[in-house]
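The structure appears right after this line, and notes come after that.
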Amino acid sequence: MKSTAKIRTTAKPIKQKRAGVKEQVQSYCMIAPQVIGFLVFSLYPIFWVLRYAWFDYNSVTAIFVGFDNFTRVFTDASYWNSVANTFIISIGKLIIELPLALILAVALSGNIRGKSAFRLSLYVPNIISVAIVGITFSYMFSSFDGIVNHLLQAAHIIDVPVNWFANKWTAIVVIMIASIWQGFGVNMIYFMAGLMNIPEELYECSRLDGANKFQQFIHVTIPQLAPVAQIICMLAIVSGIKMNDLVLVLTNGQPGGETEVVMSYILKLFFPMNAVVTADPQIGYACAAGVVTSVLLAIITVLYLRMSRKATTVNE
């Protein structure tokens, strides 16, 4: 009897051990696709870019040139023009998009009829393909048969149709409008999630102190949303700097490459699309430009987080 009991007690830990090993194997199998994807599509390309940034590489031959590619980046007027356009578009859409998303989030968080339908309709543009958005807005702002020109002429604001894509600044305005229309819905959802975490007691106390709706918004809602707004603003800045597809579809850098953003400029160095940027692939130089852009983005992110650090302590 003792030997049988001993066998049973020793068999139980063995089964538990096997079950633990099985769970570990299942866990590793579940995270394996994400890890493999990160190694293949993120980590390897980073090292590949860092390597060829030091070479004159055109996909056939690679000649080591040292710092020449980086020197060229800092003296390339076209590259810095694309960087300036990127910041103009990012900051311009940020100034309009975030307040619009916040106001709509506050409005749709109240007790209004059909708010679910409004939320869905405002979020839908975020899931539409960028190519479809670009084509739609290119037709809307078309010079001859665009609906925007027809509406402006019908309202007697303009006498002749405006060629929106013939001028740098009007083309940038169209890019900003299209980007805002597509992106403000997801920021609205983020703000609504932040509004749900604000304690109702704060609004009740403010009502007892005689605060009206506007005063509650200024002194309760905005301070309590500061940590959420910090993250939303950072994501909006990063997404604005990474903008590429929308510009390629709407303007493709025209007129004369004046609306190129930094990502579209680098892409055309890898894969030449027109003679404005380059006629032959300049992969080594494109890698160097990508490295410099990544460093700029990292610096901007660090500076922003330092400047907005106080926002994270609002609830402490």
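The values are calculated or read from the model by the stated rules, or taken from the named source; none is laboratory data. Owing to the predicted nature of the structure, the values given are computational and were not obtained by experimental measurement. Cβ sites come from the backbone with ideal geometry, for glycine too, and all protein chains shown count toward neighbours. Side chains included, ligands, DNA and RNA excluded: accessible areas come from the protein's heavy atoms. Shrake-Rupley method; radii C 1.70, N 1.55, O 1.52, S 1.80 Å.
Odds and ends about this structure:
- Per-residue surface analysis assigns Asp209 an accessible area of about 140 Å², computed on protein heavy atoms at 1.4 Å probe radius.
- Kyte-Doolittle at least 1.6, axis length at least 18 Å by Cα - qualifying DSSP helices, the chain: 226-241, 283-307
- Point-charge dipole on Cβ atoms (K/R +1, D/E -1) for the chain, about Cα centre, debye to 20: 2180
- Listed residues His219, His150 arranged by accessible area, highest first, probe 1.4 Å: His219, His150
- Non-local Lys pairs in the chain, i.e. 8 or more apart or on different chains, that have alpha carbons under 18 Å apart: 7
- Longest DSSP-loop-exposure-free segment, chymotrypsin sites (Phe, Trp or Tyr not before Pro), the chain, at most 15 other Cβ within 10 Å: 145-316
- The slack between Asp68 and Leu297, meaning 0.36 nm per residue of separation minus the straight C-alpha distance, is 80.3 nm.
- Of the trypsin sites (Lys or Arg not before Pro) in the stretch 64-124, those whose Cβ has at most 12 other Cβ within 10 Å and which sit in DSSP loop: Arg113
- Protein accessible area in the stretch 13-124, 1.4 Å probe - carbon and sulfur %: 70
- Residue order for Glu200, Glu97, Glu23 - accessible surface, 1.4 angstrom probe, largest first: Glu23, Glu200, Glu97
- Think of a 1.4 Å ball rolled over the protein heavy atoms: the stretch 94-252 then has 56 Å² of accessible area per residue.
- Separation of the stretch 14-88 from the stretch 131-188 is 36 Å, based on Cα centroids.
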